[in-house]
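K.L.:
Right, I'll just put the structure down here and ask away after.
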Amino acid sequence: MAYIVEAKMNLPLATASTAANSGESAHRAVAPAWHTVVVLIVLFGSSVAGALFGGLTPGSGHYGRAPGYLLIIFFEWLTVAFIWWGVGRRGISMSELVGGSWPRPMAVLRDLGFAIGLMMSGALVLNGLGHLLKVAPNQAVKNLLPVTPTEIALYLLLSLTAGFCEELIFRGYLQRQFAALTQATTGGIILQGIAFGLGHGYQGWKMMLLISVFGAMFGVLAQWRHSLRPGMLAHALQDGIGGLVARHFMR
């Protein structure tokens, strides 16, 4: 974020001091450091487990992928509940982490427009990088895609869950924590993007790199709009529509 130093230097002393304090408050931690360490250990632990066991869902057995979907949904909401408890210790509500509001229907359409814009720009960037790195989905990604009607319904529920929970975890919580750690907005965006990529170990290192870039793009949108709502819409749509389309091409 750019600051106009010349204008700030012309302010009276009291006003300049107030602006400086305001800048510091923008990078205040929303939870204790130990709380963030626990969140990162849980996220990276699940990522390592997914890489070691070849994915998040077994894709086999009598119940197919359904148990895996339900387990992921439970895990993400449990993580959000832990974050809710942690930020609550600092007197911060979940609505403050999400930011923004939808007072009128046009506000929903506005955020939907930003969401579609992010999806389109992300597709261009990631397809270009993917072509350079020669990225191809692995078997773990294929195993995550739904097959039966029941699995499709649960997969869409999983996509909605990921849209809300993962945006709140990475862009609402970790981005602010990393910004407080580095005392820089850019630091928060970059570090949460890296954490987002590292949280997808089951997809392989090339996909993790692309996901890190995509996570940073989500972080820029959240910072620009001061809200997670456009990113939540984009995330849910990307996972939901992308998964339903991909299931026809990755069998």
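Here, each number is a calculation from the coordinates, and none is a lab measurement. Computed from a predicted model, the values in this text were never measured in an experiment. Methodologically, a virtual Cβ is constructed for each residue, glycine included, from the backbone with ideal geometry; neighbour enumeration extends over all protein chains shown.
K.L.:
Using +1 on the beta carbon of Lys and Arg, -1 on that of Asp and Glu, and nothing else charged, what's the dipole of the chain about the Cα centre, debye to 20?
P.N.:
On the way: 16 positive and 9 negative charges, 38 e Å.
Once rounded to the nearest 20, the dipole reads 180 debye.
K.L.:
Something else now. Using the beta-carbon distance between T150 and A49 and R0 = 22 Å, what value does 1/(1 + (r/R0)^6) give for FRET efficiency, to the nearest 0.05?
P.N.:
Plugging the Cβ-Cβ distance into 1/(1 + (r/R0)^6) gives 0.30.
K.L.:
How many angstrom separate the Cα center of region 94-116 from the Cα center of region 205-251?
P.N.:
So the separation of the two Cα centres works out to 17 Å.
K.L.:
Across the chain, where is the longest run that never hits chymotrypsin sites (Phe, Trp or Tyr not before Pro) in a DSSP loop with at most 14 other C-beta atoms within 10 Å?
P.N.:
Counting only loop sites that pass the neighbour cut-off, the longest clear stretch is 64-248.
K.L.:
Turning to a different aspect of this structure: Among T185, T150, T36, rank each residue by its count of other Cβ atoms within 10 Å, from fewest to most, as a rough exposure measure.
P.N.:
The most exposed by this proxy come first: T150, T185, T36.
K.L.:
Tell me, what is the Rg over Rh of the chain, with Rh the Kirkwood radius over Cα pairs?
P.N.:
The Rg/Rh ratio comes out at 1.00.
K.L.:
Taking 0.36 nm per residue of separation and subtracting the Cα-Cα distance, what length does fully extending R90 through L109 add?
P.N.:
Working: separation 19, 0.36 × 19 = 6.84 nm, distance 3.29 nm.
Fully extending the segment from R90 to L109 adds 3.5 nm.
K.L.:
Right, something else. What relative contact order, as a whole-number percentage, does region 185-251 give when Cα pairs under 8 Å and 6 or more residues apart are counted?
P.N.:
25 percent
K.L.:
Sticking with this structure for a sec: With each label point set 7 Å from Cα along the Cα-Cβ vector, what nm distance links L181 and A136?
P.N.:
3.6 nm
K.L.:
What number, in nm² with one decimal, is the all-direction average of the projected area of the convex hull of the alpha-carbon atoms of region 160-251?
P.N.:
Reported value for the Cα convex hull: 5.9 nm².
K.L.:
Would you calculate, for the chain, the mean residue ellipticity at 222 nm contributed by helices, counting each DSSP H stretch of 4 or more residues as -39,500 (n - 2.57) and dividing by all residues, to the nearest 500?
P.N.:
Counting only the DSSP helices, I get -23500 deg cm²/dmol.
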